[in-house]
Amino acid sequence: MSDDSGLWLLAAGPAGATALYWALYRYYRNTDKSHAFERDTAIEAKPVTGADRKVDTVTGTQERRIRGDNVAAYRTRVQRDRDSPPPL
């Protein structure tokens, strides 16, 4: 055997790795089969509907807590569903 016969084996490693990388990239990205939303979907703009109503104004940071909060009242915030069995 000559020394040239083993050269193809050295070239097959990087070539095979490149082919495997390209095949996995094409398989997982599906760039040729993907749906391009911006190009394939027609969006018709409509005018904004609704109304704005001012509820309250809070200026400054004088109060440490929000009025009417229920942080300390855990049982009134979280209620168990009566139809479900108790947790194990």
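Of the peptides 44-52, 11-19, the order by per-residue mean of other Cβ atoms within 10 Å, starting with the highest, comes out as 11-19, 44-52. I43 contributes about 120 Å² of solvent-accessible surface, heavy atoms of the protein only, 1.4 Å probe.
Global size of the stretch 6-52: 23.3, 78 Å for Rg and Dmax (C-alpha atoms, Rg to one decimal, Dmax whole).
Restricting the stretch 17-59 to trypsin sites (Lys or Arg not before Pro) that sit in a DSSP loop and have at most 10 other Cβ atoms within 10 Å of their own Cβ leaves K33, R53, K54.
The values are calculated or read from the model by the stated rules, or taken from the named source; none is laboratory data. What you are looking at is a predicted structure, and each value in this text was computed from that prediction instead of being measured. In this analysis, Cβ positions are derived from the backbone assuming ideal geometry, glycine residues included, and neighbour counts consider all displayed protein chains. Note: accessible area is taken over every heavy atom of the protein model, side chains too, but ligands, DNA and RNA are not part of it. Shrake-Rupley method; radii C 1.70, N 1.55, O 1.52, S 1.80 Å.
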